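In what follows, a single structure is set out as structure tokens and then discussed.
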Amino acid sequence: MTADTSVLLDFRDVSMRFGDTEALTGVDLTVSRGEFVSVVGPSGCGKSTLLRIASGLEQVSGGTASTASQRIGYVFQDATLLAWRSVRRNVELLAELHHVPRAERAARAAAAIDLVGLTGFEKHLPRQLSGGMRMRTSLARSLTLDPELFLFDEPFGALDEITRERLNDELLKLFVQQNFAGLFITHSVAEAVYLSTRVLVMSGRPGTIVAGFDVPFDMPRDPDIRFTPEFAALVGQISHALREGHR
Amino acid sequence: MKRIPWWQPTIVFGLVVALWYAIAAWYDKSKELAFVVPYPHLVLQEALTDGQFRQQLLENLLQTVVITATGLLIATVIGMSWAVLMSQARWLEHSLYPYAVILQTIPILAIVPLIGTIFGYEFTSRVIVTVMISLFPMVSNTLFGLASVDRAQWELFRLNGAGRFTTLLKLQLPAALPAIFVGLRTAAGLAVIGAIVGDQFFQRGTPGLGVLIQVSNSRLNGPGTFAAIITASLLGVVVFLLFGLLGRLVTGKWADQS
Ligand SMILES: Nc1ncnc2c1ncn2[C@@H]1O[C@H](COP(=O)(O)OP(=O)(O)O)[C@@H](O)[C@H]1O
Ligand SMILES: [Mg+2]
């Protein structure tokens, strides 16, 4: 296989402080094309800060953080939809902000809505949607920019278990189809293992990466791998590392 | 807004009218000053069947509506611009907000004579009083609405290269609409008050309801005074309901009901 595996995101010895709070220290991290990297860690350890740096919302206090692509998708924990816009107009928003012509915008929105399975709900307002559908809309909105690097900040954390699993499957499908690289923050070790090609474990504050695990399962993934002993063993190992890093 | 069952206010209305009759009877029979508090049916009669008075009532009402609308329009434009300006930078907000508060705390009556000397005793001065009274709720509600934008949404716009103007137009102003309508509703009620108060001080030019109230009162025309007061109050209620309804038409579909 000669797939392009160039580095899209490169953190070298990154540190970050907010006043007296040392949020991150000595973070080394790369995300390459074809990779889906998840980060797990205790809350307050700087996971969101990591994404904010990657997206350019925040500047590092020390070290270097560079991205090789301008096409970055960012999915927040909250769907952040505009309440007064329909699903279709919400999905069109980013293309609109990037001055994509109207017809092109509409075409991209229709395709993205189709990809996340929301066809038929284009005219609905956010308040008429379930939490899962709102998150799908949010995903579709990012997909219209065809991102090369996709950042996710605990996007499914507020959803119920069944919705979450379904969205996990759809995200995997999108990852295989759309060929973006992913950096995914989550609280759930099982979710991290199921979605990722690599899982990183962060320590408590100041956050740094204390362990990394390659996930050996092939893509596209069979949902049933979650019930295999190999899967359970890996989840156990990562949970153990997480507890170690906590101390 | 919650639906209020019609029969509860109706009972209160009946009680108020009964109390009114009782007081009117007391003035009439014990003090023989029937014109101070006239019987309700005499007020109705004056307003509905006295052709000349009715004509005057309608003309003055129209003038009050014109002043209210003009004042409210100006207050809306100034108030929203003021709030938008303040929302653009912390230092602007810090510099300008105190004046919005001061505007509200100045006793309007204290500067009314000054307004008269400078702008005359007609339309302009009445509109100025109306604007001053109704401006604050427009400023404060618009500012509150503009600031109510969620931080993540703000960052979404920033990440996608949206400038100040785009963010204002596509994020802040729409998000502020429900609050703006709350401000508009309050300001509209106050504008009616401003128009009536203005009338009492500036009596030249076409008179409004405030003038009619004063003139009727000084002529000891009890029914006329009451008819004008009730008309002014009804105007306030109608304006309040109108803007409430307009707000629901514009934002009701998507905004959280409050
Ligand atoms: N803008 C900021 N100003 C001050 N402190 C901040 C800021 N952003 C984050 N922090 C602090 O940095 C630490 C890491 O925050 P965050 O990245 O949100 O953690 P996580 O997402 O892992 O829960 C926290 O202690 C938080 O309070
Ligand atoms: Mg976080």
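FYI, it's all coordinate maths here, none of it is from the lab. The model shown is predicted, which means the values in this text are computed figures rather than measured ones. Glycine also receives a Cβ, built like all others from the backbone with ideal geometry; neighbour counts cover every protein chain displayed.
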Using the charge dipole of the protein assembly as shown (Lys, Arg: +1 at Cβ; Asp, Glu: -1 at Cβ; taken about the Cα centre), state which of B:Ser87, B:Gly116, A:Ala241 has its Cα farthest towards the positive end.
-> B:Gly116
In sequence order, what are the phi-derived ³J(HN,Hα) couplings for segment A:139-145 according to the Karplus relation 6.51 cos²θ - 1.76 cosθ + 1.60 with θ = phi - 60°, rounded to whole Hz, with x for glycine and proline?
-> 4, 4, 4, 5, 4, 4, 8
Roughly how tilted is helix B:222-251, in degrees to the nearest 10 and between 0 and 90, from the longest Cα axis of chain B?
-> 20 degrees
Within a Gaussian network of chain B (alpha carbon springs, distance under 10 Å), most fluctuating of B:Val77, B:Val16, B:Val182 | B:Val16
So for the protein assembly as shown: antiparallel DSSP bridges make up what percent, rounded to the nearest 5?
-> 50 percent
Among A:Gln178, B:Ile23, B:Leu190, the residue whose Cα sits farthest towards the positive end of the charge dipole of the protein assembly as shown, when +1 is placed on the Cβ of each Lys and Arg and -1 on the Cβ of each Asp and Glu, is B:Ile23
Chain B: most fluctuating residue of B:Ile23, B:Ile133, B:Ile11 per GNM, C-alpha cutoff 10 Å = B:Ile11
Beta bridges by DSSP in chain A, antiparallel share as percent, to the nearest 5 = 50 percent
Show the residues, 5+ positions off or on another chain, whose built amide H is closer than 5 Å to the amide H of A:Val210.
-> A:Val201, A:Met202, A:Ser203
From the backbone phi of segment B:215-221, what are the Karplus-calculated ³J(HN,Hα) couplings (6.51 cos²θ - 1.76 cosθ + 1.60, θ = phi - 60°) in whole Hz, Gly and Pro given as x?
-> 5, 4, 5, 5, 8, 6, 8
Student exercise, the protein assembly as shown dipole from Lys, Arg, Asp, Glu Cβ charges, in Debye to nearest 20 | 1260 debye
For the residue pair A:Asp214 and A:Thr5, what label-to-label distance in nm results when each label sits 7 Å from Cα along the Cα-to-beta-carbon direction?
-> 0.8 nm
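Report the longest stretch of chain B that contains none of the GluC sites (Glu not before Pro) sitting in a DSSP loop with at most 16 other Cβ atoms within 10 Å.
Longest site-free region, per DSSP loop and neighbour criteria: B:123-258.
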Round to a whole angstrom and tell me the spacing of the C-alpha centers of segment A:94-156 and segment B:1-71.
-> 57 Å
With a cut-off of 19 Å, note down the residues of segment B:185-199 whose backbone N falls inside the zone around a label point 7 Å from the Cα of B:Val77 toward its beta carbon.
-> B:185, B:187-188, B:191-192, B:195
To the nearest 500 deg cm²/dmol, what mean residue ellipticity at 222 nm is calculated for chain B from DSSP H runs of n ≥ 4 alone, each contributing -39,500 (n - 2.57), summed and divided by the residues?
-> -26500 deg cm²/dmol
Using Cα pairs under 8 angstrom and six or more residues apart, how large is the relative contact order of segment B:57-251, in percent?
-> 30 percent
So what's the back-of-envelope 222 nm ellipticity for chain A, counting only DSSP H runs of four-plus at -39500 (n - 2.57) apiece and dividing by all residues, rounded to 500?
-> -11500 deg cm²/dmol
Using r as the Cβ-Cβ distance of B:Arg151 and B:Leu96, and R0 as 22 Å, what FRET efficiency do you calculate, to the nearest 0.05?
-> 0.40
Which distance in nm do the two modelled labels at A:Gln59 and B:Ala110 give, with both placed 7 Å along the Cα-to-Cβ direction?
-> 4.8 nm
Among the lysines, which fall within straight-line cross-link reach of B:Lys253, defined as a Cα-Cα distance under 29 Å, with same-chain neighbours fewer than 8 residues apart omitted?
-> A:Lys123, B:Lys2, B:Lys170
Show the residues, 5+ positions off or on another chain, whose built amide H is closer than 5 Å to the amide H of A:Phe150.
-> A:Gly73, A:Ala181, A:Gly182, A:Leu183
Just going by the charge dipole of segment B:151-258, with Lys and Arg at +1 and Asp and Glu at -1 on Cβ, which of B:Phe201, B:Leu156, B:Gly236 is farthest out on the positive end?
-> B:Leu156
Under the Karplus relation with 6.51, -1.76 and 1.60 and θ = phi - 60°, whole-Hz ³J(HN,Hα) for segment B:54-61, x at Gly and Pro, equal 4, 4, 5, 4, 5, 4, 5, 4
Starting from the amide H of A:Thr30, placed 1.01 Å from N in the peptide plane, find each other amide H under 5 Å away whose residue is 5 or more places distant or on another chain.
-> A:Phe11
GNM on chain A, Cα springs under 10 Å; top mean-square fluctuation among A:Lys123, A:Lys173, A:Lys47 goes to A:Lys123
Any idea what the dipole of segment A:42-110 comes to, in debye rounded to 20, about its Cα centre with Lys/Arg Cβ at +1 and Asp/Glu Cβ at -1?
-> 220 debye
Neighbourhood net charge (10 Å Cβ-Cβ; Lys/Arg +1, Asp/Glu -1) for A:Pro223 = -1
If every Lys and Arg gets +1 and every Asp and Glu gets -1 at its Cβ, then about the Cα centre chain B yields a dipole, in debye to the nearest 20, of 600 debye
Cα→Cβ-extended label distance, 7 Å offset, between A:Glu122 and A:Thr21, nm | 4.3 nm
Would you tally the net charge around B:Phe181, using a Cβ to Cβ cut-off of less than 15 Å, leaving B:Phe181 out, and scoring K and R as +1, D and E as -1?
-> +2
Euclidean distance of C-alpha centroids, segment B:171-217 and segment A:219-247, integer Å = 67 Å
Can you give the relative contact order of chain A as a percent, counting alpha carbon pairs under 8 Å and 6+ residues apart?
-> 27 percent
